[in-house]
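Colleague: Got a structure here, written out as structure tokens. Questions coming.
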Amino acid sequence: LCNSLTRVSRHLRDEGWLEIMYDKESTSYSQFLEIVRNLKESEYVVDYHIQNLIVFPPKTQLYDHALIEDGSLLLQDKGSCMPVEALSPPPGSCVLDACSAPGMKTSQIASKVCGNWVAVLGGKPPPGAKVIAVERSTKRCQVLRDILQRSRGDKVTTVINQNFLEIDPQEYSEVDYIVVDPSCSGDGMVNRNALADSGISQEKLANLCFFQKKLLRHALSFPNVKKVVYSTCSLTR
């Protein structure tokens with residue numbers, strides 16, 4: 001929310017970065033992946049599926065970049081961006097993020113509900129644009145607030161430091177969309193580069209499964225919710 005893709009691209013260009021252009025209509029996804037594989041230092045490309053996602057070459061050091069520091073860019077894995085892209089809330093909608101920390105996903109939601117509105121350019125967000133960010137951990141909740149402040153997502157976000165299961169759905173009749181991204185076994189992260197055993201116990205798996213079902217059922221109980229996206233980084237269990 002604190003910047004637009006056009007303004008970010010201009011900043012990168014002024015620093016000497018080169019955007020690799022392609023015509024999506026005539027480029028297949030496999031061809032796009034080849035473009036990504038061939039990215040050189042100081043080159044980037046806009047993602048094939050997600051409009052405001054920029055792809056940089058592997059090992060690009062951006063952690064202390066000015067655009068990261070001011071919240072214009074957030075470092076995020078593409079897979080972590082997919083739940084919000086799948087939810088696709090329209091501008092002016094109300095979205096509840098059930099497990100919101102650390103805040104990159106919540107910032108992405110805020111950007112979605114605000115459409116083309118950029119906070120630093122002034123004006124007001126679309127009427128009705130609202131994000132409700134629920135996080136039960138007090139420590140992680142502070143991280144969430146910090147990231148939202150940096151990204152300007154706090155302009156449309158209300159943070160609630162509470163267990164999502166304790167939220168009364170009847171008190172949130174304005175909620176149109178919900179993202180449920182709960183704690184999981186994480187075996188998708190372990191297996192990203194090689195199939196390996198995460199070493200997680202069957203007891204913990206059973207507990208996670210029970211907890212995730214409760215979260216999903218609770219999300220589906222909100223009276224006016226139109227769409228719920230449930231996601232984890234688990235591939236097999």
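The values are calculated or read from the model by the stated rules, or taken from the named source; none is laboratory data. Just so it is clear, the structure is predicted and the values come from calculations on it, not from any experiment. With ideal geometry, Cβ positions are generated from the backbone for all residues, glycine too; neighbour counts draw on all protein chains shown. Please note that ligands, DNA and RNA were not included when accessible areas were found on the heavy atoms of the full protein model with its side chains. Shrake-Rupley method; radii C 1.70, N 1.55, O 1.52, S 1.80 Å.
Colleague: Counting pairs of alpha carbon atoms under 8 Å apart in space and at least six apart in sequence, what relative contact order in percent does the chain give?
Modeller: It rounds to 19 percent for the chain.
Colleague: Give, rounded to the nearest 20 debye, the magnitude of the charge dipole that the chain has about its Cα centre when Lys and Arg contribute +1 at Cβ and Asp and Glu contribute -1 at Cβ.
Modeller: Values: 27 positive and 27 negative charges, 83 e Å.
Value, rounded to 20: 400 debye.
Colleague: Have a look at 74, 51, 63 and report the one farthest towards the positive end of the charge dipole of segment 32-83, computed about the Cα centre with Cβ charges (Lys/Arg +1, Asp/Glu -1).
Modeller: 51
Colleague: Okay, next question. Sum up the charges of everything whose Cβ sits under 15 Å from the Cβ of residue 177, counting Lys and Arg as +1 and Asp and Glu as -1, but leave residue 177 out.
Modeller: Net charge around residue 177: 0.
Colleague: Cut-off under 16 Å on the C-alpha distance; same-chain residues fewer than 8 positions from residue 40 excluded. Which aspartates and glutamates are left, in chain and number order?
Modeller: Candidates past the 8-residue exclusion: 15, 19.
Colleague: Could you tally the net charge around residue 9, taking each other residue with its Cβ under 15 Å from the Cβ of residue 9, Lys/Arg +1 and Asp/Glu -1? Can you show the working numbers first?
Modeller: On the way: positive: 7, 10, 13; negative: 14, 15, 19, 43, 47.
Computed value for this residue: -2.
Colleague: Within straight cross-link reach of residue 204, meaning Cα distance under 17 Å, which aspartates and glutamates are found once same-chain residues fewer than 8 apart are removed?
Modeller: By straight Cα distance, residue 204 reaches 187.
Colleague: To continue, here is another question. Taking all pairs of distinct Cα atoms, average 1/r, flip it, and tell me the Kirkwood hydrodynamic radius of segment 62-107 in Å to one decimal place.
Modeller: 12.2 Å
Colleague: Show 106, 6, 27 ordered by accessible area, largest first, where the area counts protein heavy atoms only and the probe is 1.4 Å.
Modeller: Putting 106, 6, 27 in descending order of accessible area: 6, 27, 106.
Colleague: Whenever you get a sec, compute what percent of the accessible area on the chain sits on carbon and sulfur atoms (1.4 Å probe).
Modeller: About 50 percent, which is the carbon plus sulfur part of the accessible surface.
Colleague: How much net charge surrounds residue 103 when only the other residues with a Cβ under 15 Å from the Cβ of residue 103 are counted, with Lys and Arg +1 and Asp and Glu -1?
Modeller: So the environment of residue 103 carries a net charge of +3.
Colleague: Also: Could you check which residue among 121, 53, 148 shows the biggest mean-square fluctuation in a GNM of the chain with a 10 Å Cα cutoff?
Modeller: Taking springs between Cα atoms under 10 Å, the residue moving most is 121.
Colleague: Moving on. Checking the cross-link filter: which aspartates and glutamates have an alpha carbon closer than 15 Å to that of residue 214, excluding same-chain neighbours under 8 positions apart?
Modeller: Cross-link targets: 166, 168, 181.
Colleague: Still on this structure, I have one more. Let me have the 222 nm mean residue ellipticity of the chain computed from DSSP H runs of 4+ only, each contributing -39500 (n - 2.57), with the sum over all residues rounded to the nearest 500. Walk me through the intermediate numbers first.
Modeller: Values: 8 runs with 81 residues, N = 237.
That calculation yields -10000 deg cm²/dmol at 222 nm.
Colleague: What accessible area per residue, rounded to a whole number of Å², is obtained for the chain using a probe radius of 1.4 Å?
Modeller: 55 Å²
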